[in-house]
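Heads up, the thing below is written out as structure tokens.
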Amino acid sequence: MTTYSRGGVVVVEVQYSDLSGAKRRPAVVVSSESFHRRLPDVVVCPISSQPRYFTRPGPGDLPLLQWKKAGLRYPSTARVSKVVSVSKDTITRRLGRIAPPDLRRVEERFREALGL
């Protein structure tokens, strides 16, 4: 079974929040390897390249400062408010890793969102 590490950027099939369909998109792995090692799923945070989320982020959006280093083609935003658990079988490929400063910012935003 393939393992994934927190901060890895992967391409997954993500359901729309209204469940009307799905789209392949990059996502950052936010669950720890020890958490998802024996599970069929991994917890990810979808990443969007929509300019509006990067230039005018909402409270659940976190623009990635070093998006090129993550293997992304366009300025991109981690959609922290859209965190989802996906089957490892839906991961189609690995793109790279988000930079440590961006990962720390994602983790801080999750702590803030969950009141931890």
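All of the numbers you see were taken from the coordinates with simple rules; none came from a lab. Only a predicted model underlies this, so the values are computations on that prediction, with no experimental measurement involved. Here the Cβ positions follow ideal geometry from the backbone for every residue, glycine too, while neighbour counts run over all protein chains shown.
Scoring SER87 on the criteria (1) surrounded by fewer than 17 Cβ atoms within 10 Å (Cβ to Cβ); (2) farther than 15 Å from VAL10 by Cα leaves a single failure, condition (2).
Restricting to segment 6-31, give me the number of residues that are in a loop (DSSP other than H, G, I, E, B) and loosely packed, with under 12 Cβ neighbours inside 10 Å. Let's see the steps before the verdict.
The initial filter retains those residues of segment 6-31 that are in a loop (DSSP other than H, G, I, E, B), namely 6-7, 16-21, 30-31.
Subset that is loosely packed, with under 12 Cβ neighbours inside 10 Å: 16-21.
The number of residues fulfilling the criteria is 6.
One residue stands out in segment 90-116 among those that are surrounded by 11 or more Cβ atoms within 10 Å (Cβ to Cβ) and among the β-branched types (Val, Ile, Thr): the one that is nearest to ARG73 (Cα to Cα), namely ILE98. Given the conditions (1) among the β-branched types (Val, Ile, Thr); (2) farther than 18 Å from ALA113 by Cα; (3) out of contact with any Pro (no Cβ under 6 Å at 6 or more places or on another chain); (4) touching a residue at least 12 places away in the same chain (Cβ under 8 Å), which single one is not true for VAL11? Unmet for VAL11, out of (1) among the β-branched types (Val, Ile, Thr); (2) farther than 18 Å from ALA113 by Cα; (3) out of contact with any Pro (no Cβ under 6 Å at 6 or more places or on another chain); (4) touching a residue at least 12 places away in the same chain (Cβ under 8 Å): (3).
Looking only at residues of segment 32-52 that are among the hydroxyl-bearing types (Ser, Thr, Tyr) and within 17 Å of THR77 (Cα to Cα), we find that the one that is surrounded by the fewest Cβ atoms within 10 Å (Cβ to Cβ) is SER49.
Only a single item in (1) within 19 Å of GLU112 (Cα to Cα); (2) out of contact with any helix residue (DSSP H, G or I) (no Cβ under 9 Å at 6 or more places or on another chain) is not met by ARG56, and it is number (1). Scanning segment 39-93 for residues that are without any contact (Cβ under 8 Å) to a residue 40 or more places away in the chain and either among the aromatic types (Phe, Trp, Tyr) or assigned to a strand (DSSP E or B) (or both) yields PRO46, ILE47, SER48, TYR53, PHE54, ASP61, PRO63, TRP67, TYR74, THR77, ARG79.
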